[in-house]
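Reviewing the structure listed below.
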Amino acid sequence: MKNVTITMDDAVAEWVRVEAAKRGSSVSRLLGEWLADKMRQEDAYAQAMREALGFESWGASTRPYLARPELLER
């Protein structure tokens, strides 16, 4: 575990103290949990983006794509 010092407005500090107390936690633990959740969300998003960008197609077509007028006739 790492100890860090953060700077915040007095109003924010009061709010986070109240939130931590409501949850029966310390400010340090609450902020650590929030940051860990944020990290997991960012990692999951990045993984989904990599998978989406790596997706090529549902399958190869054996014929050329239809032209727009042909599509509208269907």
Sorting L71, L31 on the 10 Å Cβ count, fewest up front, what's the list? L71, L31
Once label points are set 7 Å from the Cα along Cα→Cβ at both T62 and K38, what is their separation, rounded to one decimal in nm? 5.4 nm
Among W34, F55, T7, which residue has its Cα furthest toward the positive end of the charge dipole of the chain, with +1 on Lys/Arg Cβ and -1 on Asp/Glu Cβ? F55
Ignoring everything except DSSP H segments at least 4 long, calculate the 222 nm mean residue ellipticity for the chain; use -39,500 (n - 2.57) per segment, divide by total residues, nearest 500. -21000 deg cm²/dmol
Pick out, in residue order, every one of the chymotrypsin sites (Phe, Trp or Tyr not before Pro) in the chain that is DSSP loop and has at most 11 other C-beta atoms within 10 Å; say none if there are none. F55, W58, Y65
For the range 1-49, which trypsin sites (Lys or Arg not before Pro) pass both filters: DSSP loop (anything but H, G, I, E, B) and at most 12 other C-beta atoms within 10 Å? K2, R23
Using DSSP to call loops (not H, G, I, E or B), can you name the GluC sites (Glu not before Pro) in the chain whose Cβ has at most 12 other Cβ atoms within 10 angstrom? E56
Does the range 9-74 come out rounded, prolate or oblate, given a ≥ b ≥ c as the square roots of the eigenvalues of its C-alpha gyration tensor, rounded meaning a/c under 1.5 and, failing that, prolate meaning a/b above b/c? prolate
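Where a number appears in this text, it was derived from the coordinates with a stated rule and is not lab data. If you're wondering where the values come from, they're calculated on a predicted model, not measured in any experiment. Positions of Cβ are generated from backbone atoms using ideal geometry, with glycine treated the same way; all protein chains shown enter the neighbour counts.
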